[in-house]
Amino acid sequence: MSSYQYPSCPLGCENIRLLRLLPNEDEVAPLQCELRNYSLQKLGTRTHLYEALSYTWGGSKNSRSISINKQKFDITRNLHAALLCLRDRSLERILWVDAVCIDQSNLEERKQQVQFMAKIYAKAHRVIIWLGRGAVDVEGALEDIRLAANEELTKSSKEEMNQQAIRSLLQRPWFQRIWVLQEVAAARHVVMMCGSMEIDGYAFCLGLKSLKLSSTSSPELQTLLSITYLIERAGLRSKYTTDSPERFSLNVRSLAELIDMFHSRKASDVRDKVYALLGMSSDDPGKAGLQPDYKISWEELFQQLIKLILGKDVSVETFSQRAAIKIKGCILGQVSSVRRDDRQNVKITSRNTAYELGSNTEWTFQASAKPIQERDVICLLHGASKPTIIRLCKDHFAVIVIAATPLNRSDSFGWSQSTTQFLRDFLLVWDWEKPLGKPQDQKEYEALIKAHSQALEYSKAVFGDYLGEATRMWNDIMILDDLGEYENAEERLLEARSSYVTAFRKEHLPRHSQNGRTLLSFVAGEGHEDTIKLLLETGKVEADLKDGKSDRTSLSWAAWKGHEA
């Protein structure tokens with residue numbers, strides 16, 4: 001039998017392929033299928049009588065063959081198992097399956113069809129979630145979840161259920177994948193399948209709520225909330241869709257918010273960590289040139305995304321799924337406590353007199369890929385329209401939430417002249433790959449930081465190696481002052497003063513010299529006019545920058561100490 005070849009003519013606008021799964025009374029007979037082109041415009045705004053499959057591809061080893069239009073076509077073992085279970089004895093079944101209905105070797109077709117993905121699932125009569133085959137107890141776990149949805153079931157009956165089997169089911173790869181979010185968000189009706197067992201999606205969600213499984217012992221279960229929320233609401237969505245001819249989106253949240261919530265999920269192609277969310281975004285990233293394109297590299301896409309969120313002038317270096325970002329910003333506040341349910345309720349202490357958040361401010365956030373913790377820092381980065389939540393590490397800040405969007409606050413964040421006087425330099429690391437708290441590849445981080453720190457270094461001919469290191473050191477002092485961590489700031493200040501004396505061959509300075517806490521204000525307070533001139537000639541220091549403890553500029557320090565401004 002010859003191998004199947006996709007037609008050379010491309011799919012037209014609004015056209016897809018559908019898979020006809022032909023019936024057979026023999027459960028183990030080879031799978032016979034047909035592929036046909038289909039227009040999503042035929043029935044206007046109505047849903048169409050095909051089923052869309054949501055599943056994980058699985059490994060490509062030991063692939064299995066099916067027949068398409070009487071020609072051989074290879075698919076993964078997991079998809080083969082799904083089609084066997086879906087095949088009816090007497091009636092054909094009409095399915096949309098991405099691995100078959102899209103020519104995966106054709107990059108242009110992939111680009112086009114990925115843009116239709118939300119519409120394909122939204123137009124389907126129902127979405128079938130295939131969780132794979134499993135042992136008898138795992139398939140039975142789906143039945144236990146269905147029984148748990150029954151309100152009349154006693155507490156003792158629930159306790160007798162096989163909790164370990166239920167957890168094993170919920171830790172299957174499907175629950176960790178990025179693409180499934182859009183697939184269930186678009187669904188009108190959801191059916192869950194594991195082997196021969198199936199359950200209505202709404203009943204699945206009710207059963208899980210009733211079981212009240214704890215996610216503390218199984219961190220993988222923390223991702224369940226976002227999935228079950230989407231599945232549960234499938235039956236509440238209208239059966240009709242309205243969209244503009246230019247763009248179809250589910251309008252769940254902005255792209256930046258979706259990235260914060262879901263970037264830790266898995267994808268076979270890392271670029272899909274962005275592309276899989278475009279169909280759910282309430283903004284239009286396409287206007288900024290961000291749309292599915294499998295011809296560009298992940299690094300290029302990652303930089304494009306960061307500049308979309310933080311502004312085109314931000315300086316970015318990428319390494320795998322990590323980015324080092326050099327940007328200016330100001331401290332707004334610090335997290336004093338976090339209370340969690342299905343959301344994150346965060347109390348914030350204001351740390352910026354120029355941008356008062358109010359005392360005992362409490363913001364509510366959606367669950368994020370990296371959970372917010374006490375002592376995390378709320379800052380407003382220059383060029384961004386929303387705050388960013390970061391965490392202080394040894395030599396950088398880790399990005400926790402890139403575009404923090406409080407659900408209980410609707411006003412926007414803007415910049416004023418007083419705010420810019422508290423600008424600080426931030427070196428941020430945004431890691432999509434490894435959760436915080438796990439061992440990091442320190443060599444990778446050091447390479448990333450070193451490459452990016454070159455942008456902070458001034459003329460080594462004048463300053464040697466000092467100024468690049470000093471700039472960060474004095475900047476850390478200002479940030480610690482902004483956060484009210486004065487003891488830590490004092491320790492850094494002693495280090496900075498010592499380094500300054502050595503680098504510029506100055507006389508020993510008194511230990512408790514009360515001069516400024518920025519590099520320029522400190523030098524101005526000491527009256528070292530030659531050094532002031534050298535610093536100003538670099539163009540890298542700002543004379544009107546205030547420190548966070550005394551609220552003074554470099555000029556005011558010089559005047560206060562009796563030196564010429």
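Quick one: ranking ARG20, ARG146 by accessible area, 1.4 Å probe, largest first, what do you get?
On the way: ARG20 70, ARG146 100 Å².
In descending accessible area the options line up as ARG146, ARG20.
Would you mind classifying the stretch 1-44 by shape? Square roots of the alpha carbon gyration tensor eigenvalues, ordered a ≥ b ≥ c; an a/c under 1.5 is rounded, otherwise it is prolate if a/b is larger than b/c and oblate if not. Provide the component values of the computation, followed by the final result.
Working: a/c = 5.99, a/b = 1.61, b/c = 3.72.
It comes out oblate by the Cα gyration axes.
Take GLU487: with every protein chain present and a 1.4 Å probe, its accessible area is about 150 Å².
With 18 Å as the limit on Cα-Cα distance, the pairs of LYS307/LYS328; LYS312/LYS386; LYS212/LYS273 that go past it are LYS212/LYS273.
Please give the FRET efficiency for SER282 paired with LEU225, using the beta carbon to beta carbon distance and R0 = 25 Å, rounded to the nearest 0.05.
On the way: r = 20 Å, r/R0 = 0.80.
So, using R0 = 25 Å, E works out to roughly 0.80.
Spin-label model, ALA29/LEU213: points 7 Å from Cα along the beta carbon direction are separated by 3.8 nm. Put simply, when 164-176, 183-195 are sorted by average Cβ atoms within 10 angstrom per residue, most first, you get 183-195, 164-176.
In the complete set of protein chains, residue-level accessible area for SER282 is approximately 60 Å², probe 1.4 angstrom. For the pair SER336 and LYS312, label points projected 7 Å from Cα toward Cβ lie 4.2 nm apart.
Of the trypsin sites (Lys or Arg not before Pro) found in the stretch 313-347, no site is in coil according to DSSP while having at most 11 other Cβ atoms within 10 Å of its Cβ.
Largest accessible area first, the listed residues GLU300, GLU232 line up as GLU300, GLU232 when surface is computed with a 1.4 Å probe on the assembled protein chains. On the basis of the beta-carbon distance and an R0 of 30 Å, ARG343 and LEU91 show a calculated FRET efficiency of 0.10.
The values are calculated or read from the model by the stated rules, or taken from the named source; none is laboratory data. Here the structure is a predicted model, which means the values were calculated and not measured. Counting neighbours? That spans all protein chains shown, and the Cβs are built from the backbone with ideal geometry, glycine included. Remember, those area values only see protein heavy atoms, side chains included, never the ligands or the DNA or RNA. Shrake-Rupley method; radii C 1.70, N 1.55, O 1.52, S 1.80 Å.
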